[in-house]
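Notes to accompany the following structure.
Just so you know, all these numbers are worked out from the coordinates, no wet-lab data involved. Everything numeric here is computed off the predicted structure, so don't read it as measured data. Note that we place each Cβ from the backbone using ideal geometry, even for glycine, and neighbour counts take in every protein chain shown.
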């Protein structure tokens, strides 16, 4: 669990704040947006590199690892590079292969890279399908089913995670290891947009037993929710559809802890990637080398996969908006 982090101040802003017009971007004096600087606890700064949309995303444990990968490609047969990559340094963690059709069916396949000491790292060979994500569309929410394969030689370790993404409210709920977890989309807040810092931003939290989750209406098996169960997040769909404030985060959406942060810097920063900051304050091992792909636990890999799906969602929305502007 991460350190206690109160919901951002701007989640309590007056509703009429949204009436103001967006100002032009301020002059930038920092290389990294404030949204990524808030969390200074130990952990990973995962980067999801933007690539041509038909080629998916390469995911690294850090921007430094991404840069090392580009350098190592030119001399990957040298003994020093082979040894470093065998230990998980300077190699990608995942490649997220995206589907051409994003409405339903297979959405993303995560290929997990597995460097070996048998030969120099081969990005086109040393991987296996770690997680396959499928999407289904329902009234007021979409469902993303993640089928994980931690070890292709041991099917008994396989498991499934189901993420419910609300179509109106800025919440994305799932259960992992008995915990009800949630990504909260903060992108629509006016103060958020006026900062001209990131295109979108999400905070990850773990809910307390008394908080309401979309998963409270799930039977734990399929990809749909039971609307017969009383759930304030799913009821009143028509009212929520026409509510201006429905898309804004509320303090009650947040659990007591903010464990992880997802965001993608505005184009002005010219970073070229989305970032997932994962908190590792709960790890008793103080000798973790966060630059190796082998430093990540299964819990962290699940977080990265769910975050990448949210990034893909945002990319699709942005692509559709761009097409409408051209027309």
Worksheet item: Once you sort the root eigenvalues of the Cα gyration tensor of the stretch 151-270 as a ≥ b ≥ c, which label holds: rounded (a/c under 1.5), prolate (a/b larger than b/c) or oblate (the other case)?
Response: oblate
Item to complete: Subtracting the Cα-Cα distance from 0.36 nm times the residue separation, let me have the gained length for residue 179 to residue 80 in nm, one decimal.
Response: 31.4 nm
Discussion item. So, R0 is 45 Å and r is the distance between the beta-carbons of residue 139 and residue 63; what FRET efficiency does that work out to, to 0.05?
Written reply: 0.65
Fill in: residue 132-residue 289 pseudo-label distance in nm [points 7 Å out on the Cα-to-Cβ vector]
3.5
Discussion item. At a threshold of 8 angstrom on Cα-Cα distance, excluding pairs fewer than six apart, so keeping six or more, what relative contact order does the stretch 97-138 reach in percent?
Written reply: 47
Discussion item. Let me make sure I get this right: for the stretch 205-327, a, b and c are the square roots of the gyration tensor eigenvalues over alpha carbons, sorted descending. Under 1.5 in a/c it's rounded, otherwise prolate if a/b > b/c, else oblate. Which is it?
Written reply: oblate
Worksheet item: For the residue pair residue 243 and residue 167, what label-to-label distance in nm results when each label sits 7 Å from Cα along the Cα-to-beta-carbon direction?
Response: 1.7
Discussion item. At R0 = 35 Å, how high is the FRET efficiency between residue 223 and residue 323 if r is their beta carbon distance? Nearest 0.05 is fine.
Written reply: 0.75
Item to complete: Using a/c under 1.5 as the rounded threshold, could you call the stretch 83-160 rounded, prolate or oblate? The axes a ≥ b ≥ c are square roots of the C-alpha gyration tensor eigenvalues, and prolate needs a/b larger than b/c, oblate otherwise.
Response: prolate
Fill in: Ranked list, fewest to most other Cβ atoms within 10 Å of each Cβ, for 166, 119
119, 166
Discussion item. Given points 7 Å out from each Cα along the Cα-Cβ axis, report the residue 230 to residue 156 separation in nanometres with one decimal.
Written reply: 4.4
